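Working notes, beginning with the structure itself.
The values are calculated or read from the model by the stated rules, or taken from the named source; none is laboratory data. These figures come from a predicted structure and were not determined experimentally. We place every Cβ from the backbone using ideal geometry, glycine too, and count neighbours over all the protein chains shown. Remember, those area values only see protein heavy atoms, side chains included, never the ligands or the DNA or RNA. Shrake-Rupley method; radii C 1.70, N 1.55, O 1.52, S 1.80 Å.
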Amino acid sequence: MIEEILNKEKKQYYLILTILTILMLGIILISVTLGKADITISESFKIIFKKIFNKNIEIAANKEAIIWDIRMPRIISGLIIGAGLAVAGTIFQAILRNPLADPYTIGVSTGAAFGAVLTIYINIVYSLFLPIVPVAFIFSIITLFVIVKIAGFNQTLHSSRLILAGIIISSTLSAAIGLLKSMAGEDVSAMIFWLMGNLAAKSWTQVLILFPTITIAIILAKHFANDLDILTLGIHEAKNIGVDSEKLVKFYLVIGAFITAVCVSISGIIGFVGLVIPHLVRMSFTSKHKYLIPISALVGAIVLSLADNITRLMFVVEIPVGVLTTLIGGPFFIYIYLNKSSGENV
Amino acid sequence: MLIKASNLTIAYDKKEVVHKININVQKGEIITIVGPNGSGKTTVLKALTRIIKYKKGEILLEGKEIRKIKDKKIAKKIAILPQTRNTPEDFNVETLVRYGRFPHTNWQGKLSKEDKDIIDWAIKKTGMSHFRKNKLTELSGGERQRAWIAMALAQKTEIIVLDEPTTFLDLSHQLEVLELVKNLNKSENVTILMVLHDLNQAIRYSTRIYVMEKGKVIAKGNPEEIISSELLKDVFRVNSDFYEDKRHECNHFIPYKIEREIHDRRNIK
């Protein structure tokens, strides 16, 4: 009896996985043809064909640049960041055992934001061109260390302590960001644009950073996914049946924070993908993490790239994708919260 | 000797709550730790099950320091039923019981035929067959308790540790759980270590009793010899009458009055 159910679930999983993968590939192909520049669909496909198979086809150089060097990296970055945020959200909801957790709960993202804003500020004041991404990344990692230190790394990492430490650090850093913003005067717009989160102006360099790091992190996350299921019993209960829950929580904390740090450093803070997608998958399919992680990754990728298409194409002035995801995600968040508190019988 | 705790001292931060106690558990025994609230019973169990770290002394599991054994290895030897636990919302009984096999499976968590048989056996043994597919949140307190016991059974361990397994349960469910424990001890030769509040139940079901007060073991041994009206007066501040429970051939007592002296002192406070 158990066997049947497990097999059925497995079949469903592969089916969903296949459908989503096809959908994702479809979205890549369609998105690449859409845009404000006057390029036909057949031209777009020709360019992709040319680049991938290294064929010699006559195409205008500026069109080739738009498709291959502007649209493609942006679409792929969006997919990877969407996947990364969704997986990080799944991880944080599991290890913090809190359905309201997301990649930004423990404040790593605010660390990245502070790093980015600081870099922009220094660049403005001293007329430098310091790169934002590495500084943002370094600051998010520093933030992680500080938070873990506050929560007490050598003890059992209790979720409430982690969340509390995250909130404290987040609000302190937010204040610091506010300070920098007010000091920046008229140049504040660059900071605000970064903070709102966007996928514009991504190049192949960013894809090269994103792809290997996020892929490896997601594979690692899936590898120990069965233990994450057991963790839902509670940290002590999991230990009682032989899961080294302390080590497990720390391992996933580092992976989740790493994914968040990479994504946020590159795209800024794109809200709610990491909160909503894991819930969506959990409610509609399964709460088993070995399925939840890959499917959330794909759904996250698809949702973020759809959202990015909307911001790119539907508005006269391009709005940051983070604004759109938060606009849609906010009401969804409230919906989950209300459902959650009414369904609780503790 | 299955478990041997010697000179065990446990502290929460700086505050010492258990002072240099010795507890031994032998194969096939039903050991019960009793004592008033705050005497340190649960703390001792938590140390035995590595939820809190002890300060001094040692706990040996089959002669090996428990802190040096891997979690998975311990989980093959000791199953634990904690006192309070959260109830995962989307778990059904079978999923929970399946997790009991975790220590015996490899990292992929694939279940063998044997694992599945054990799961079926654990569910049947605890009378949960009808509730197999029910969610934990749909069950009553007694049923939920049995579901967790089924998970502990699925671990197929030599020892089961239960922390106040009858608290929050009504009379019939209390009896049910304790009879189940006794039956496991008899038919499967599972060693039991538990904390109970009801002393009469402790007398009836235990082979040996440890009485704790203020972080110390103040009496231990055969329940008939240990639980006396003097001890109840000293430790639990009650006067009581003892009767013979002919059916179970053991003592049974009824407390009738709170010790005056203590009572007064508390009033003055």
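Most mobile of A:Gly322, A:Gly26, A:Gly35 per a Gaussian network model of chain A (Cα springs, under 10 Å)? Largest GNM mean-square fluctuation: A:Gly26.
Each Lys or Arg adds one and each Asp or Glu subtracts one; over the other residues with Cβ under 12 Å from the Cβ of B:Met194, this totals -1. Taking only the C-alpha atoms of the protein assembly as shown, Rg followed by Dmax gives 30.1, 105 Å.
Long hydrophobic helices in chain A: the complete DSSP H runs spanning 24 Å or more by Cα along their own axis with mean Kyte-Doolittle hydropathy of at least 0.5 are A:2-33, A:72-95, A:108-126, A:132-151, A:159-184, A:204-223, A:245-267, A:289-313, A:321-343.
Accessible area of A:His236 (1.4 Å probe, protein heavy atoms only, ligands and nucleic acids ignored): about 50 Å². The mean number of partner chain beta-carbon atoms within 10 angstrom of a residue's beta-carbon across peptide A:237-250 is 6. Split the accessible area of the stretch A:76-343 by element, probe 1.4 Å, and carbon with sulfur accounts for 73%. Based on DSSP H segments of at least four residues, each scored -39500 (n - 2.57), chain A has a per-residue ellipticity at 222 nm of -25500 deg cm²/dmol.
Put A:Arg74, B:Arg85 in order of accessible area, largest first, 1.4 Å probe: what do you get? Show your work: numbers first, answer last.
Values: A:Arg74 25, B:Arg85 65 Å².
Sorted descending by solvent-accessible area, the residues read B:Arg85, A:Arg74.
Rounded to whole Å and ordered largest first, report the semi-axes of the equivalent ellipsoid of the stretch A:207-346 derived from its Cα gyration tensor (root of 5λ). Intermediate results must be reported in sequence, preceding the final value.
Working: eigenvalues 174, 85, 29 Å².
Over the Cα atoms of the stretch A:207-346, the semi-axes work out to 29, 21, 12 Å.
Exceeding 22 Å between C-alpha atoms, which entries from my cross-link table qualify? They are B:Lys116/B:Lys156; B:Lys110/B:Lys133; A:Lys250/B:Lys4; A:Lys149/A:Lys250; B:Lys14/B:Lys53; B:Lys68/B:Lys216.
Details: B:Lys116/B:Lys156 12 Å; B:Lys110/B:Lys133 20 Å; A:Lys250/B:Lys4 32 Å; A:Lys149/A:Lys250 12 Å; B:Lys14/B:Lys53 13 Å; B:Lys68/B:Lys216 26 Å.
Result: A:Lys250/B:Lys4; B:Lys68/B:Lys216 exceed 22 Å.
Where does the charge balance sit around A:Thr326 when Lys and Arg score +1, Asp and Glu -1, over other residues with C-beta under 15 Å from its C-beta? Before the final figure, lay out each step's value.
Values: positive: none; negative: A:Asp102, A:Asp308.
It works out to a net charge of -2.
Separation of the stretch B:114-175 from the stretch B:1-54 is 25 Å, based on Cα centroids.
With the Cα gyration tensor of chain A giving a ≥ b ≥ c as the square roots of its eigenvalues, does the rule (a/c under 1.5 for rounded; else a/b larger than b/c for prolate; else oblate) give rounded, prolate or oblate? Oblate, since a/c reaches 1.5 and b/c is not below a/b.
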